[in-house]
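Enquirer: Sending over a structure as structure tokens; questions will come in a sec.
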Amino acid sequence: MDFVLKEEHGFSYIDEGEGEVLLLLHGLMGALSNWEEVVEEFRPKYRVILPMLPIYDMPLITTGVKSLSKFIHKFIKFKQLSNITVLGNSLGGHVALIYVLAHPENIKAMVLTGSSGLYENAFGGSFPRRESIDFVRERVQYTFYDPAVATDELVNDVYKLINDRHSVVRLLAMAKSAIRHNMKADLHKMNLPVSLIWGRDDKITPPDVAVEFSELLPNAELHWIDKCGHAPMMEHPKEFNRLLTGFLEKLKV
């Protein structure tokens, strides 16, 4: 990416543009680059902020979705942000949900795409063949409808991650924390506008998960992207940005 990564006060983040805040949260094995085309599209009209979630930097005993939500709270206070539209993919959506439940006063609206929080069919409890690059490639391709989106660079990044003991134990702890922290009983409390932008072919958080979110959240709208897996903003960025624009325009009315 061509964006400047800022490092201050223990936070690493991208902060581009001016205006109302769009706060973007990446997933468990995601990176800031996952949101690249969203930043490019919206920074002329919005202030787009992407904090790097410290998934692999926490003490193992505190590694979990609630700790990430507390981290986001500290970041928002540090940056003195308000009237935020928060966007979360996968684990990032789960963190957004927990944050909104605790601090609804700071959030104007929410966008969830392939969010965990109800159900996810991820790697499971281990990586039985993590030393095999072909196994890793197969699992990364599983994330997308089009396997070509799983570039060599992306596969190599995941391969390095799950073959580093420090990182993989935290990754598994975080995944288990997400499964334990089911949000079903809390969703009815969230009255803010929510847009669900979902891949019709998402195998990790399948379409029925999106339908359940839309039924349980009081003020949600559901949009599908065809031939699309778990990360619509990566696989179909133009369509994702079109749907996001429509939602943001409605918020101005």
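Just so it is clear, none of the values below were taken in a lab; they were calculated from the coordinates. All values reported here derive from a predicted model rather than from experimental measurement. Ideal geometry is used to build each Cβ from the backbone, glycine not excepted, and the neighbour counts take in all protein chains shown.
Enquirer: Select from region 35-86 the residues that are of a type in the set (A, V, I, L, M, F, W, C), over 15 Å from the mean Cα position of the chain (by Cα) and under 28 Å from H236 (Cβ atoms) and list them in ascending order.
Expert: F42, I84
Enquirer: Looking only at region 152-195, which residues are among the aliphatic types (A, V, I, L, M), touching a helix residue (DSSP H, G or I) at 6+ places or on another chain (Cβ under 6 Å) and under 14 Å from S116 (Cβ atoms)?
Expert: A178, M183, L187
Enquirer: For region 16-58, which residues satisfy the criterion of being more than 18 Å from A96 (Cβ to Cβ) and assigned to a strand (DSSP E or B)?
Expert: Result: E16, single match.
Enquirer: Can you confirm whether region 189-197 contains a residue that is small (G, A, S) and in a strand (DSSP E or B)?
Expert: Within region 189-197 (the criterion being small (G, A, S) and in a strand (DSSP E or B)), the answer is yes, since at least one residue qualifies.
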